[in-house]
Amino acid sequence: MKHGFIAGMFAVCMALGISAAPVAHAQSNELPTCDENSLWSVAETLQIDALGTLRLTYLCTPDGWMLVGVSYCSITGNCSSD
C-alpha cells in the first residue's frame, strides 16, 4: 500500500515537472548539461533513420537525466509512444 502511494505521488510530481519545464531539443543525441540551473527541465533527442523517427524525452533530476518518454513514427505513418 505504501509503495503504491509513493509511486502515485512520484507520477504526479513527474507530470507537474514535465508540464512546467521548458523543452530543450538536443542535437546528435547529446543531452545538455543537467545541473542545478536546469533542474526539472525537459530535453528531447531525435534518432532518424530510413525506417522512421525515434524521439526520446528526458527529465533533468537531481540524479541526472531520466528517460520519461519514447515515441516512434515509421515512414508509413504508424506511430507509437510509451
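The values are calculated or read from the model by the stated rules, or taken from the named source; none is laboratory data. None of the values given here were measured: they were computed from a predicted structure. Here Cβ is always computed from backbone atoms with ideal geometry, including for glycine, and neighbour counts include all displayed protein chains.
Residues checked against (1) touching a Lys or Arg at 6+ places or on another chain (Cβ under 9 Å); (2) part of a strand (DSSP E or B); (3) at pLDDT 90 or above; (4) of a type in the set (Val, Ile, Thr):
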site	(1), (2), (3), (4)
11	no, no, no, no
16	no, no, no, no
30	no, no, no, no
45	yes, yes, yes, yes
58	no, yes, yes, no
65	no, yes, yes, no
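Condition check for residue 80 on (1) surrounded by 10 or more Cβ atoms within 10 Å (Cβ to Cβ); (2) within 16 Å of the chain's Cα centre (by Cα); (3) at pLDDT 95 or above: one failure, at (1).
Within segment 32-59, if we keep just the residues that are out of contact with any Leu (no Cβ under 9 Å at 6 or more places or on another chain) and closer than 21 Å to residue 81 by Cα, the residue that is surrounded by the most Cβ atoms within 10 Å (Cβ to Cβ) turns out to be 52.
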